[in-house]
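This report refers to the structure that appears directly beneath it.
Where a number appears in this text, it was derived from the coordinates with a stated rule and is not lab data. Everything quoted here is computed from the prediction, not taken from an experiment. We place every Cβ from the backbone using ideal geometry, glycine too, and count neighbours over all the protein chains shown.
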Amino acid sequence: MPSPMKNYAILLPVVFLWSTMAVAQNAPALCSDRPGNATPTCVAQPGAIQIETSLIDWTRNEDGSVETNSYLFGDSLIKFGIAGDTELRVGFMPYQYDRSESAGRVSSAEGLGDISLSARHRLIEGSALGGLSFAVQPFLSLPVGSAEVSAGTWSAGFVAPVDIPGPNNWSFNLSPMVAALADSDGDGRHFLYSGTVAAGRSLSRNLSATLELFAERDRDPAGHTTTVTADGMLAMQAGPDTQFDVATYVGLSDDAPAIELIMGFTRRFRP
């Protein structure tokens, strides 16, 4: 029988969407990394501060006889617009709780997550090349989190997203990424690469939907893994500076989590 927590997590997107149906009309577009794995090419306006936060992020994974449920609370990204085409970014995760169960035995880990630092610079703006936009985004993760959930050493990588406009309110995104990721034992780094292909469409002035295919190859010395997920997202603007979102990721490969459900928001503070 599903646990009450699982039932609650499944109902969250439905309750959330119902509560946000009354939204402001004529809200301008808001550039947010949420929701989804795709990385946009847009940046925060100069002088603006933008907060993007997951209210709850639940992942269930099954590996043989082991079932793991992970909960992230307040997983956040803060953006600072410093120039017309550049933003600085700080990511942090206030609390993570992992619970694993196998043959009736339960283990858990919890605590503060690591911090990530990144910057995005848009090299090509859509109006300059037939609507196509291109950006670069280097990032660095620092092992400042609690011992039970921290990666244990630094990681670094690079994303090079491309946005492509399409007909009839469609848009497309390609987000290739390479990284030197911390080994699972916290001693050294290994090569990881991933790619996201996304197709999004505006359904109304304040509601948009996106479908993604995400693939990642992790060459950890402890065991190489391939993660493939199919993702679906809805984003709704509740005003010119506020967005709410829900997302579901469904695992398509043996190494991918079975399912992940996320609900969160974006809030921009303009100068």
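For a quick size check, give me the Cα extents of region 4-269 along its three principal axes, largest first, whole Å.
55, 40, 31
Compute the normalised compactness of region 126-271: alpha-carbon radius of gyration over 2.2 N^0.38 Å, N being the residue count.
1.20
Below 8 Å between Cα atoms, with a sequence gap of 6+, how large is the relative contact order for the chain in percent?
19
What's the extension gain from L142 to L117 if we count 0.36 nm per residue and subtract their Cα-Cα distance?
Working: separation 25, 0.36 × 25 = 9.00 nm, distance 0.80 nm.
Gain in length upon complete extension: 8.2 nm.
Set the Förster radius R0 to 25 Å, insert the Cβ-Cβ distance between S253 and D183 as r into 1/(1 + (r/R0)^6), and round the FRET efficiency to 0.05. Please list the in-between numbers first.
Details: r = 21 Å, r/R0 = 0.85.
About 0.75, to the nearest 0.05.
Considering the Cα trace of region 54-205, what is its radius of gyration and what is Dmax, both in angstroms?
18.7, 60
Taking 0.36 nm per residue of separation and subtracting the Cα-Cα distance, what length does fully extending L207 through L174 add?
Length difference between fully extended and current span is 9.7 nm.
What is the distance in Å between the Cα centres of region 81-97 and region 225-239?
Cα centres, region 81-97 to region 225-239: 19 Å.
Would you look at the GNM of the chain, springs on alpha carbons closer than 10 Å, and say which of R205, R89, R189 moves the most?
Highest fluctuation of the listed residues: R205.
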